[in-house]
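Working notes, structure below.
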Amino acid sequence: VASELSRRRYELAAWEIFEVGKTWREADADVAEAIDFLRYYADEMDRLAQPMRLGNRPGELNQRSYEPRGVTAVIAPWNFPLAIPTGMISAALVTGNPVLFKPSERSPGLGTLLTDIFIEAGVPAGCLSCLPGGPGVGQALVAHPHVITVAFTGSKAVGLHILAEASRVDPGQPMVKRVIAEMGGKNAIIVDETADLDEAIAGVVASFAGYAGQKCSACSRVIVHRTVYDSFVSRLREAVLSLEVGNPLEPGTQVGPVIDARAQASIQRYIALGLEEGRLLAKQSADPSGYFVEPTVFTAIQPHHRLAREEIFGPILAVMKADNFADAVRLANGTEYALTGGVYSRSPANLAMAREQFDVGNLYLNRPITGALVSRQPFGGHRFSGVGAKTGGEDYLTQFMIARVISENTLRRGFESTQ
Ligand code: NAD
């Protein structure tokens, strides 16, 4: 499958631009990440497929081996329409489970194309089916007594609903269901008084505006030390007003449209709210036709404001002011999510404090906070950002399997021939 995706890399990227409005660079990155997942999980299964001897006590052989759990439902979002489903599907298949895959109703074309590629590459008949459709299809899959594992990536609200539904046991159900849920974020970047502001501005803008803010890892809050606050926000304003917003078919476009009218309306409501809760710092203009949303930055946002707490999933950034680094970390940790976070600082003491106290699944120091790479940066959050092992990491595949341990007394007393 990886070879086929590589061979069709540019064609698939073009489909992403067409169906979900990614810019060229973002579209190519999604195809490349899908390929990385396939190669990584194949290698990981080679490692896990070997039964492992536990301990080395003479006269006793303890072996742990893994077996598939059973039918797996893969319920995917639209924002990484190849990489995320490829990761979940390939993990379930390579560990021996048949898969019922429901792509997002906002990216059914890419879901169908991906399924065809898996099947053409030789997935056995009946082991992978694509069921395009909306929430009702997802609900039916979660409720079915023979769906044993649910691999879900999407919003917190839907993830929590699936977790509750899957805990119900129906007559005829052979096993307790397991839900692996990757959910949302409200990610912050801290900029302290020692930060290189050239780097910080570029990193914050890339992290908040990339794919129009429609990444679970996107930066939606920036927390700035008061001594550099004024120079940071004036430079941030200029940077946001220089963003190229427009048609993703154009290679120079940095910010394309949001996914659909529903998302556009929801993000516009947050812009209206931001005007009440905070102060408008910058609003880049965008084509009023189509589903564009102007990249927008608000200052004077307080921790209790909705703009500081709720995932918006669009190009909206809230700026907050901190008195010192401990205060900044406290503000950063002040949401129910714990997905990604970042720090721009040249202070070893502050970086050390962030390592210890900034409570996120993926912490990035002096670099943008999006674009995690398979195996080098296993990805995923905790608290209300997710439950389960990190994707693209060494613990991920075992979630799709049961572990069995067999212990044998090898001090045989005599031997019976089978002849
Ligand atoms: P969503 O939760 O609306 O939908 C995700 C999937 O769930 C879709 O396929 C949808 O049809 C299905 N679904 C909806 N209601 C359902 C129900 N009641 N039962 C079963 N399935 C149901 O999310 P979305 O808009 O597609 O994606 C954006 C969200 O995904 C954001 O919150 C983002 O942060 C999150 N996300 C998280 C990660 C991560 O790795 N943590 C990655 C990408 C996206």
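The values are calculated or read from the model by the stated rules, or taken from the named source; none is laboratory data. Keep in mind the model is a prediction, meaning the values are calculated, not measured. Positions of Cβ are backbone-derived with ideal geometry, glycine not excepted, and every protein chain shown enters the neighbour counts. Just so you know, the surface numbers come from the protein's heavy atoms only, side chains and all, with ligands and any DNA or RNA stripped out. Shrake-Rupley method; radii C 1.70, N 1.55, O 1.52, S 1.80 Å.
Could you tell me whether R346 is open to solvent by 70 Å² or more (accessible area, probe 1.4 Å), touching a residue at least 60 places away in the same chain (Cβ under 8 Å) and more than 30 Å from A166 (Cα to Cα)? Taking the combined requirement at face value, the residue satisfies it.
Screening S375 on (1) more than 12 Å from the ligand (Cβ to nearest atom); (2) in contact with a Gly (Cβ under 7 Å, 6 or more places away or on another chain); (3) more than 14 Å from E44 (Cα to Cα) shows it passes everything except condition (3).
Only one of the numbered conditions (1) closer than 30 Å to H305 by Cα; (2) touching a residue at least 40 places away in the same chain (Cβ under 8 Å) is violated by A157, and that is (2).
Restricting attention to segment 146-184, the residues being hydrophobic (A, V, I, L, M, F, W, C), assigned to a helix (DSSP H, G or I) and within 8 Å of the ligand (Cβ to nearest atom) number 3. Checking each residue in segment 185-209 for being open to solvent by 10 Å² or more (accessible area, probe 1.4 Å) and not in a loop (DSSP other than H, G, I, E, B) picks out L197, D198, E199, I201, A202, V205, A206. Within segment 47-76, residues that are touching a residue at least 60 places away in the same chain (Cβ under 8 Å) have Cβ atoms under 6 Å from residues that are of a type in the set (K, R) in these pairs: L54/R64; Q63/R53; S65/R404; I75/K102, counting only partners at least 6 apart in sequence or on another chain. For segment 229-251, the set of residues classified as within 26 Å of the chain's Cα centre (by Cα) and assigned to a loop (DSSP other than H, G, I, E, B) consists of L243, E244, G246, N247, P248, L249, P251, listed by residue number. Listed by first and then second residue, the pairs with beta-carbon distance under 6 Å, at least 6 apart or on different chains, first residue in segment 1-28 and modelled with pLDDT of 95 or more, second part of a helix (DSSP H, G or I) and among the aromatic types (F, W, Y), are V1/F118; E26/Y211. Just one of the listed residues (F384, F379, F313) is on the phi > 0 side of the Ramachandran plot, open to solvent by 20 Å² or more (accessible area, probe 1.4 Å) and either within 18 Å of the chain's Cα centre (by Cα) or in the same structural domain as L273 (by TED's automatic domain parsing) (or both), namely F313. Listed residues S242, S266, S231; which is over 24 Å from M353 (Cα atoms), within 16 Å of the ligand (Cβ to nearest atom), among the small types (G, A, S) and open to solvent by 10 Å² or more (accessible area, probe 1.4 Å)? Selected residue: S266, the only one of S242, S266, S231 that is over 24 Å from M353 (Cα atoms), within 16 Å of the ligand (Cβ to nearest atom), among the small types (G, A, S) and open to solvent by 10 Å² or more (accessible area, probe 1.4 Å).
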